[in-house]
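Bear in mind that the values in this text are calculations on the coordinates, not laboratory data. Please read these numbers as outputs of a predicted model, since none were measured by experiment. No Cβ is skipped: glycine too gets one built from the backbone with ideal geometry, and neighbour counts run over all protein chains shown.
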Amino acid sequence: MTASVEHSQASETVIAVVASAARAAAVHVPATVELTPGAPVSDPDAVLLPAEAAGAVLARLSGEVSGDVVLVVSAQIVDALANSPVGPMDVAAALRPALEAAAGTLGRVRVDSERTEDPDTAMDGLRDKGMFVAVPLLAGNGTVEATFALQVTLPQPRTQRGSLDLLRHVAMEVTVEIGRTRMTVGELLSLHPGEVIELDRAASAPADLLVNGTLIARGEVVVVDEDFGLRISEIVTDARSEIGQVTP
């Protein structure tokens with residue numbers, strides 16, 4: 001297979017990946033109307049931004065797919081967040097669910113270090129890193145309300161890792177997650193003491209053990225000397241290779 005054919009196939013793969021991620025993100029952008037993805041473009045001069053692009057969130061992706069993601073939003077969305085019923089909302093925090101939904105289509109991928117940027121600066125940063133794809137998110141009348149852009153490095157075939165003995169004593173963040181849920185602002189405003197929030201996991205289901213955001217095991221929550229603990233019941237396949245297996 002020639003290099004030009006391989007490059008063309010890689011480009012088509014990236015475009016398909018970004019289009020799928022943009023569809024997932026569109027559902028969670030806090031717009032007043034439903035947004036639908038437009039045509040993906042990889043030409044920097046052909047990217048469609050909101051007519052009044054007022055804010056952008058830039059974040060890193062890590063895991064099975066690495067790269068950078070940018071979500072540019074219109075002044076209408078920024079104003080709505082600034083004047084929300086629960087008080088001013090941080091743009092990066094409000095758009096994180098959209099970024100996480102997009103990352104979820106890519107596999108085991110984590111969203112890191114999200115921050116607000118000037119829209120032009122954020123987009124220029126993606127262009128400087130090589131190939132990227134941008135997808136406009138459109139209102140029903142065709143108006144661009146947001147733009148989703150992604151620069152990704154697709155996973156390469158696994159190769160034999162060198163010794164990681166030097167990392168034996170490196171501390172890593174370990175968390176246990178029993179479940180999640182999503183709520184609208186209206187539902188949050190209606191909360192009161194004593195109310196029970198249902199999570200997306202059955203009571204009998206195991207909890208997840210994550211290392212630096214990567215799922216590596218599952219188990220049963222227990223109490224150890226009046227503190228919570230986790231009794232491991234399952235090691236996720238290839239989990240150790242995700243964080244680097246250290247020889248005992």
TODO: Assign unit charges at the C-beta atoms only (+1 for Lys and Arg, -1 for Asp and Glu), then state the dipole size of the range 10-153 relative to its Cα centre in Debye, rounded to the nearest 20.
DONE: 440
Open item on the list: Could you tell me what a quarter of the Cα convex hull surface of the range 10-153 works out to, in nm² with one decimal place?
Closed with: 7.7
TODO: Pop out the ³J(HN,Hα) list for the range 231-236 in order, Karplus 6.51 cos²θ - 1.76 cosθ + 1.60 with θ = phi - 60°, rounded to Hz; leave Gly and Pro as x.
DONE: 8, 5, 10, 7, 9, 5
Open item on the list: Counting other beta carbons within 10 Å of each residue's own, what order do 182, 60 fall into, fewest first?
Closed with: 182, 60
Task: Karplus-derived 3J(HN,Hα), 6.51/-1.76/1.60, for each residue of the range 110-117, Hz, glycine and proline x - done: 10, 9, 10, 6, 5, 8, 7, 9
